[in-house]
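Reading through the structure tokens given below for one structure.
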Amino acid sequence: MNGVVLSGLHAGMSLAQVTPGPLTPTPGQPTTTTTGGEFPTLLLTTLIWVTLAAALVIIFMPERTAEQRGRIRLMALAGTTVPVLMAIGGLNYQINQEGSGGFSYVFEEKHQWITAFSVHSNYHLGVDGVSLPLLLLSTVLFVVAVLASWRNERRVRLYFVLLLVLETGVNGFFCSLDYVLLFLFYEVELVPMFLLIAIWGGPRRMHAAWKFLIFMLTSSALLLAAILLLAFKGGAGSFDFDQLNTGLHLSAGIATAGFWLTFISFAIKLPVVPLHTWLPDAHVEASTPVSVILAGILLKLGGYGMLRVVLGAFPDAAKRYSLAIVALAVVSAIWGTLAALAQDDLKRLVAYGSIGHMAIVLLAVGAQSSIALNGAVLQMVAHGFITGLLFLLVGTVYDRTRTRSISRLGGLAWQMPRLTAIWVFAGLASLGLPFLAGFVAEFMVFTGAFPTHRFATVVVMASIAITTGYLLWMLQRVFFGPAKEAYERLRDASTLELFYLVPMVVAVTIFGVVPGRIMPVINNGVATLVARLSGSV
Amino acid sequence: MQYYNLTWAVVLVPLGGALFAYLPESARNAARVCIASTAISFVLSLLVLAYRLGHLHAAPYESLITFWSFNPAQPIGGGVVNNFTAQAGILVDGLSASILPVVALVSLLVQVHSLGYMRGDAGYRRYFAIIAFFTFSMLALVASPNFLNLYFAWEGVGLGSFLLIGHWWHKPEAAAAAKKAFLVTRIGDLGLLLAIVFGFAKFAPHVASLTPPGQVSDPFNFSVLSREWQFAHQGLVPGVGGRTLAILALLVLMGAIGKSAQLPLHTWLPDAMEGPTPISALIHAATMVAAGVYLIARTYPLFLVAPHVLTVVALIGALSAVFGAVVALAHTDIKRIIAYSTISHLGLMFTALGVGAFTAGVFHLFTHAWFKALLFLAAGNVIQAYGTQDIREMGGVWSRMRITAWAMLLGCCSAAGVVFFAGFWSKDSIVAGVLRNQFPDGGHHSLAVKAALIVAVCAVSLLGALYPFRMFFIAFLGDPARRRGFTPQRVRESPPSMVMPVVVLAALSCVAGFIGISGAGVTFGNFVFALDKPQNEPFDIAGVLLGAGLALIGVAVAYLIWVRPVPALARLPARMGRLAVAARNGFHVDAAYAWLVDRLVLRPAALVPRVDEGITDAVADGIADGVRATALEARRLQGGRLQAYALTAFVGVVLMAGGFTLAATGHFPGVGATR
Amino acid sequence: MTIGITHLLVVSAALFCVGVFGLLSRRNAIALLMSVELMFNGVNVALVGFARFGYSNLRPLSGMAFALFVITIAAAEVAVAVALLLVAYRRHQTVQADELDELRG
Amino acid sequence: MTVNPVAFYVIAVLVVATAIAVVAVPNIIHAAVALIACFFMVAALYLAIGADFLAATQLLIYAGAIPVLIIFAVMLTRGSMRREGNSWVRWWPLALLVTMGLGAVLLGVFAVSHDRWHRGTYPQRLLDDGTTRTIGDALLNRYALPFEVASALLLVALVGAVLLARRDESEAVLERSEEERRQREERVRHRREERDRARRARLRDGVSTPDEST
């Protein structure tokens, strides 16, 4: 499949040979840039907007009969599959480009967009090693979410429309190279998520949805303030990353203010203790596929923002306050894992566990070394897949038993051995077993963070022990032990479930065994950040 | 040298066996696949060993593949390394070449034994697949050329033990024991992981500065690190001194303690007896627990430059040895007796390594593998025949299960260190090593430590003979116990698949020690060395006399207490009542841990969500409520009352009109006059 | 000191402000009506003042013409207002402005 | 040509005083009387500055017609004459403050305007012959259209006022709609209670709300 996409890309390249040249913007006329001498491409535009197009089509599809609803599902599946192929193709292209890419973005598109004010904004898209893996994660998880929603019969049309709009927002966020665009995509993602929680959620869904919305709006407001500060006080006259994320000399006060604004903004999203309380509520009330998206992707917006915006735009301030970041990472790690240990609700357990795992990303952000940041990107991808898998599994248990209470479950391995095997796999992956995705990432973050922040690294590593504890304890109480009568007639994994669970398992394994394939790509992206942090660019 | 690449096959074939176990239709064939893969691995490892024996003094052979790496444009910036290489591979030297066949053979015999022992088990296929995976992990661990690879395998071993101990997951105790084993060893693993990370931070810049540009040099590699440790000891590595080396060694030791079930991380091992008995044999003989000792042996160059840590190793070992022996003496559960005896024997190995008797330690690892596997498999036969694990409920095995009983006798002799059995040679070289108490670097222990170690080793020699024979005499020679619903007459010898491995192991337990005799051409000590010169323990007559003498005394005492009771001695066990109870409870270490975990982890953990709700959320809610209250107050302006609207409007009028007037007359701050 | 436009404007402002205060602070709807009339008169005084003291040959006495329009509209307003008041009174049995909160969303 | 200052000041003071009396006296009838007095005074002011036609109109409409309407309104609404029906709102100090602010702004504007509103001199002719002709010219030439619109507006307003004030039909319609609204609310409340009862029953039976989306 990759080969096909790839050859298609190459064909496109040979058809559209455009001589690369330096960007000379002519006012009033859209300009296309081809940094790195690649071909002009609409890959990212297509990738982002194809889901919205699918959503628009679905709006006009009837949903009265089962057949019609099936057609809507197929349409949604098609709409989410296309971006996956494109992301894989793009990643593959990047992998094969290894060494020649340098520090630049690929698949760049740049058009003048808003020129009405004294500060200009561009429609500027592009990806590098930091965003490509996350793009892959996001597109894949959306397909999984669509598959996991296959049995949903309630307001099918609206549901998939929201899901597809959400994907547009998320993918756009990962691809944006302009702060206005970035912010718009950051906002686009809010409303669908709010509605997805508020309409298809659990008993306390309204509370959770509002809580989510309020926290996220706070995050957005802070981000907006920082963007405006950056654009107007930076003196670049542009919202474009090209101007704002390279060699801008902000005064120390402005940089500090911008740093804290963006840091808190993305700390809410990541989330970082004590700004995390929206997360358990939102996860618990959201339905399974929405939880997958929420934990698997939306948290990564925070991590991505930490890398791209906080470190990218305010490297000096980030260096100055690295100790504070690391301290927060330590608190989050311990807090999240301890809270997970005390949970009785499976979803809450996984949700709090996510806080602990995201703290590792934060540790890397504080450590700011090349190895740690590579690990952070990988950790986001790994956590996306692993936690997505865990939430799907929680969903399978809840579907069958109508409860998520650990104390009420027990001995489920009797009835569902296959699902138990996948559960054990997911648990082991989550606790960081070698050759699974989580370990590679965690190990690199620890290795990268230790030289500069010893104590913090040790404490975060200790939190891994607690992680092991709560996962194993949970597995023991839920799946092992004598069978319970109440659950005698549970089914094992259905074909549909295996259809989306097994690929996740495979993905986690692949990222764990051969991270070397993707590592140069990630490192290319991280190198830019590290170069800025070390002050050489 | 290409010949050594067979080691790849040695390591990977069992993994293939584990994967292919899910192909055959019948579970029986799946077991055969696994056994065949292990057998192939064993044969190949023998070939490698043979080749290595032919090239005793050749340099260690390494073959590596790179998992992931990156080398950015600027390799070193401000003392922080930016490049990173993760490799896996094989390392063939005397140490790994001699341990690989042991692992493979013990695993093979255990699997053969399991064919009968696990017959009819629901998880038959899974069981064999996981054993194959477990074997693969241990082989990979032994053949590891670097810390990372070792850690991969290390965790694989942990995973294997988790799955195997929890094989009967429907038993709550088994599930709990599996969890405990994984969790406790993982705490040790974190020490190892920290050691790796710490070592990287300290040595990677130096390694990178020594490596010519463009070449990959793995700062986790044992050979690279051995060199670095030596450099550091000579003060050539910037930023690394004696303290760093000591911390590194302590962290490695923490990993070893966890896996080898030494005090204070031993508590998982007795619980692990909830797994099937052949698994106990596998875990105790050559895989899991041996890994800790192997790790110390593998990183011995580090310990040699951190001599104080060696003292710690020796003391922990001695303490564990005595502890294990005492508790073993008090228990009546046959599996637990053998389990605590493992703690004791591993403690001896630690002691040997700690006093510089490197060869003796590894040698004991080698001999211990045979007799410990033997004890467990034989015990498994008896347990299956009698349907109980309590030695007081057995009795009369001798007359009904002759082969097993003979094998058990030989195993006990070997374990006790009776002259000329395998255990004798290795244990006595340990005793000798402790008496000499030196290590090659010229370090030495203080007198108090020395005395304590000697006393401990003597005590263990005595007790180490006492408890296996207590078990043997009570369970095998005693009168058949009368239990309801049990007729001893129906006890039969186990099927051939279960007897054969026991016989093989019994034979090895008798003869395997002879390769350790110095003077012969290729002795164990001549072969297994991690340092640049052979570590041959000289035959020490004092050690032999002391160790063997105490062992014989121990056997005699056991005989006089439990077979031909001599009143003076036979009254002893009864007098030990309170001590025995404490010992049976493992001196309450478990309870102490439970208390600690409850106080330090579980209770704070339970507090955390409450704090989240009560404080973190309350603050957020408070802010929200504040906004809400303000909004409600503001809403009253919009209460539908005309006059309120009018008031607001006029306020606006006043403000705007005033503002414009001021602006027009140039009195508004920040706005220029337009007069 | 001769009387000029400012004097009239001050009177106008005083009338208007008194009207505004009445509008904002009285509760009785009829009193409100009267306050509004005061405001109208205030405006009218200003308009007449402009017509008188800001005389323009181009548009003579436009201010007074405007004042006439204001008077006309004031008459219409009062008529409608009184009618509305009666309706409201019949529905709510009150003419207290702060109890007539039909505009509440 | 000039205005007699003494007359102006006296009249001005009376205008303001009566206006204050309008908003200040509690009794609504007294206020209405004060209002009429105020209108008279304004008319006097117009006369004093030589706006004779305006003074006449003021007397006719403001001092004559409008107070009558207002007094009718007072008489038709019970209770508006009672003392408690004429109190001030709670936040009248705030209103006073805003009013004073408004006054201050207006005075400020006048102060900075420095009398610069003069375009021309008021011709003696107007003072001698009166303003009626000139105003008539303005209304019927320059402002003919607004004049017509104003008359139409007046007509429409009066018709509308009559329609609004008619008791029978409009009242009936209002009452009917009121009744309908009450019934609708009742139905909604009933349905909501039904649903709550059902949900409580479900919870009691231990069945949580099914998660329909998965």
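The values are calculated or read from the model by the stated rules, or taken from the named source; none is laboratory data. Note that this is a predicted model, so its numbers are computed, not measured. Cβ atoms come from the backbone with ideal geometry, glycine included; neighbour counts cover every protein chain shown. Quick note on the areas: whole protein, heavy atoms, side chains included, nothing else; ligands and nucleic acids left out. Shrake-Rupley method; radii C 1.70, N 1.55, O 1.52, S 1.80 Å.
When you count the other C-beta atoms within 10 angstrom of each residue and take the mean per peptide, C:24-34, B:277-287, B:7-17 line up highest first as B:277-287, C:24-34, B:7-17. Computed across segment B:371-415, the Kirkwood radius stands at 10.4 Å (inverse of mean 1/r, all Cα pairs).
Mind scanning B:K179/B:K335; B:K179/B:K427; A:K300/A:K347; B:K179/B:K372; A:K233/A:K269; B:K335/B:K427 and naming the pairs with a C-alpha gap bigger than 27 Å? The pairs that break the limit, which is 27 Å between Cα atoms, are B:K179/B:K427. Multiplying the residue separation of A:Q68 and A:L85 by 0.36 nm and subtracting their alpha-carbon distance yields 3.5 nm.
If R0 is taken as 56 Å, the Cβ-Cβ distance between B:Y593 and A:I114 corresponds to a FRET efficiency of 0.30.
Multiply the residue gap between B:R392 and B:S223 by 0.36 nm, knock off their C-alpha separation, and tell me the result in nm, one decimal place. Each step should come with its number before you reach the end.
Working: separation 169, 0.36 × 169 = 60.84 nm, distance 5.18 nm.
This chain segment gains 55.7 nm when fully extended.
Indicate the gyration tensor shape class of segment C:5-97 (rounded, prolate or oblate), computed on the Cα atoms with a ≥ b ≥ c the square roots of the eigenvalues: a/c under 1.5 is rounded; otherwise a/b larger than b/c is prolate and the rest oblate. If you can, show how the numbers build up before the last one.
Working: a/c = 6.81, a/b = 2.02, b/c = 3.37.
It comes out oblate by the Cα gyration axes.
Between C:L61 and C:S56, the built amide H atoms are under 5 Å apart, and every one of these is 5 or more places off in sequence or on another chain.
Peptide packing for B:469-477, B:411-419 was compared via the average number of neighbouring C-beta atoms within 10 Å per residue; ordered from the highest value, the list is B:411-419, B:469-477.
Averaged over the residues of D:20-32, the number of partner chain Cβ atoms lying within 10 Å of the residue Cβ comes to 4.
Ligands, DNA and RNA aside, A:I386 has an accessible area near 10 Å² when probed at 1.4 Å.
The packing ranking of peptides B:610-617, B:257-264, B:203-210, highest mean first, is B:257-264, B:203-210, B:610-617, where packing means the average number of other beta carbon atoms within 10 angstrom of each residue.
Taken over the C-alpha atoms, segment D:124-165 has Rg and Dmax values of 15.4, 48 angstrom. Ranking A:A324, A:T457, A:A351 by how far each Cα lies toward the positive end of the dipole of segment A:321-537 (charges on Cβ) leaves A:A351 at the top. Couplings 3J(HN,Hα) for segment B:368-385, derived from phi with the Karplus relation 6.51 cos²θ - 1.76 cosθ + 1.60 (θ = phi - 60°), are 4, 3, 5, 6, 6, 4, 4, 4, 5, 5, 5, 4, x, 4, 5, 4, 5, 5 Hz, where x marks Gly and Pro.
Label-to-label distance for D:R116 and A:V57 is 6.9 nm, based on points extended 7 Å past Cα in the beta-carbon direction.
Please give the contour-minus-distance gain from A:R151 to A:A78: 0.36 nm per residue of separation, less the Cα-Cα distance, rounded to one decimal in nm. If you can, show how the numbers build up before the last one.
Values: separation 73, 0.36 × 73 = 26.28 nm, distance 1.69 nm.
Taking 0.36 nm per residue and subtracting the Cα distance, the gain is 24.6 nm.
Each residue of segment B:86-96 is assigned a 3J(HN,Hα), and the resulting list reads 10, 10, 9, x, 10, 10, 10, 9, x, 4, 5 Hz, derived from the Karplus form 6.51 cos²θ - 1.76 cosθ + 1.60 (θ = phi - 60°), x at Gly and Pro. Take each residue of peptide A:431-443, count the partner chain Cβ atoms within 10 Å of its Cβ, and average: the result is 4.
Across the alpha-carbon atoms of chain A, the computed radius of gyration and Dmax are 22.4, 75 angstrom.
For an R0 of 60 angstrom, estimate the FRET efficiency from the Cβ-Cβ distance between B:V651 and D:R197 and round to the nearest 0.05. Calculated transfer efficiency: 0.80. In this structure the amide hydrogen of B:W68, modeled in the peptide plane, comes within under 5 Å of the amide hydrogens of B:A86, none closer than 5 places in sequence on its chain. Axis angle, to the nearest 10 degrees, between helix B:6-20 and the longest C-alpha principal axis of chain B: 70 degrees.
Derived scalar couplings between HN and Hα for segment A:212-228 equal 4, 4, 5, 4, 5, 5, 4, 4, 4, 4, 4, 4, 4, 4, 5, 5, 5 Hz in order, rounded to whole Hz, by the Karplus curve 6.51 cos²θ - 1.76 cosθ + 1.60 (θ = phi - 60°), x for Gly and Pro.
How high is the FRET efficiency from B:E493 to B:F514, r the C-beta distance, R0 30 Å, rounded to 0.05?
After rounding to 0.05, the efficiency reads 0.55.
Compute the Rg to Rh ratio over segment D:1-82 from the alpha carbon atoms, using the Kirkwood formula for Rh, and round to two decimal places. Write out the running numbers ahead of the final one.
Numbers: Rg = 14.4 Å, Rh = 13.4 Å.
Taking Rh as the inverse mean 1/r over Cα pairs, Rg/Rh reads 1.07.
Each residue, B:A459 and A:H207, gets one label point 7 Å from its Cα in the Cβ direction; the gap between the two is 5.9 nm. The fraction of all Cα pairs in the protein assembly as shown landing in successive 10 Å bins from 0 to the largest distance is 1, 7, 12, 15, 13, 12, 10, 8, 6, 5, 4, 3, 2, 1, 0, 0, given as whole percents. Taking label positions 7 Å along the Cα-Cβ direction at both D:R187 and B:L662, the computed distance is 5.7 nm, reported to one decimal. Report, in deg cm²/dmol and to the nearest 500, the calculated mean residue ellipticity at 222 nm for chain B, where each DSSP H run with n ≥ 4 adds -39500 (n - 2.57) and the sum is divided by the residue count. It comes out at -22500 deg cm²/dmol, rounded to the nearest 500.
Once backbone amide H atoms are built at 1.01 Å from N, A:L177 has A:H124, A:L125, A:G126 as its partners under 5 Å, excluding neighbours fewer than 5 places away on the same chain. Mean partner shielding of peptide C:37-50, defined as the number of other chain Cβ atoms within 10 Å of each residue Cβ, is 5. For helix B:124-142, report the angle its Cα long axis makes with the longest principal axis of the Cα atoms of chain B; keep it between 0 and 90° and round to the nearest 10°. The angle comes out near 90 degrees. If you line up the long axis of helix A:179-188 against the longest principal axis of chain A, both from Cα atoms, how many degrees apart are they, to the nearest 10? It is inclined by approximately 20 degrees. Figure legend: label point modelled 7 angstrom from the Cα of A:W49 along Cα→Cβ; residues of segment A:56-90 with amide N under 20 Å from it are A:56-60, A:76, A:78-87, A:90.
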